[in-house]
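Let me begin by presenting the structure, written as structure tokens, before commenting on it.
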Amino acid sequence: MSAMTVARVEVTRALRRSSSAGVWAVGLIPSAVGLVTALRGGSMLGTAAVLLVKLIAPLSAVALVASPVGEGYESRTVLYWFLRPVPRSRVVLGAFMGYASLVAVGLFLSGAVFALIHATAGHGAVSTLATIPLALAFEGAALTAMVLGLATLFPKWPVAASAGLLTLTEAVLPVMLGQAHLLSVSWHISHLMGLDLGTEDALLGTVPQVSAPVSVIAVLLFAALPVAAAVLNVEDRELQ
């Protein structure tokens, strides 16, 4: 049994939950806000973009991933996989692949609608039709890894742990410390999208300037490290 099998099962289960469609629908709110802004002659790269990158993206990952993953370990239903001849690492990787695809597709669609309105309003280049949705899908995969890792480590409080950490990294710490922007997934994604949402001053220290390759590497690390931690934790955990 491969990780792809686990991924397909997780995707099927998620699609059967009505809440998944609700989360994707909420992802269109920034586009609606942006449309109103554009009709008034303003730029969508303000409040609407901030909502999409810094609020909707993290909330999507928490809503779609935290509770199902945490419940699987807390209620021991994950043992269904472990009783089969499949390494535990493949179960974790399969869950990541499944949930990452769900979050990434949802954010890609939200970003595509946002970019289309932005370009149609005459404020964005044609290239933004690709860069914005692709960058958001990249953000979704990284945030999924972070939430999955936390839900595996703290199965009793997956939502609280995930929401708490993302609140710190995406909102609180960047406002307080300039260098803390380096820990924010949404800040790196904003640079890749060309939005420059993270140029505001912090209370302490200056906001660093990084290149696109550095942001790509940082986001990849944000995705790889939590998944690796989840694999190690599951390998060592007694789940009988």
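Brief remarks follow.
- Residue list for the stretch 138-173, restricted to those being open to solvent by less than 60 Å² (accessible area, probe 1.4 Å) and not in a helix (DSSP H, G or I): PRO155
- Flag for GLY205 being touching a residue at least 60 places away in the same chain (Cβ under 8 Å) and open to solvent by 40 Å² or more (accessible area, probe 1.4 Å): no
- Residue in the stretch 174-182 that is open to solvent by less than 50 Å² (accessible area, probe 1.4 Å), in a helix (DSSP H, G or I) and not small (Gly, Ala, Ser) present: yes
- Annotation: of all residues in the stretch 7-18 being open to solvent by less than 70 Å² (accessible area, probe 1.4 Å) and either outside any helix (DSSP H, G or I) or not aliphatic (A, V, I, L, M) (or both), the one that is farthest from PRO68 (Cα to Cα) is THR12.
- Just one of the listed residues (THR128, THR169) is over 13 Å from the mean Cα position of the chain (by Cα), of a type in the set (S, T, N, Q) and more than 20 Å from VAL23 (Cβ to Cβ), namely THR128.
- Taking the criterion of being hydrophobic (A, V, I, L, M, F, W, C) and crowded, with 24+ Cβ neighbours inside 10 Å, the residues of the stretch 109-136 that qualify are PHE114, ALA115, ILE132, ALA135, LEU136.
- Of all the listed residues (SER67, SER75), the sole one being hydroxyl-bearing (Ser, Thr, Tyr) and under 17 Å from the mean Cα position of the chain (by Cα) is SER67.
- Hits in the stretch 186-239 (condition: among the hydroxyl-bearing types (Ser, Thr, Tyr) and at pLDDT 85 or above): SER186, SER190, SER211, SER215
- Residue, nearest to the chain's Cα centre (by Cα), within the stretch 211-221, restricted to residues that are open to solvent by 40 Å² or more (accessible area, probe 1.4 Å) and under 17 Å from GLN179 (Cβ atoms): LEU221
The values are calculated or read from the model by the stated rules, or taken from the named source; none is laboratory data. Please read these numbers as outputs of a predicted model, since none were measured by experiment. All Cβ positions, even for glycine, are placed from backbone atoms using ideal geometry, and neighbour counts span all protein chains on display. We work out accessible area using only protein heavy atoms, side chains counted, and drop any ligands, DNA or RNA first. Shrake-Rupley method; radii C 1.70, N 1.55, O 1.52, S 1.80 Å.
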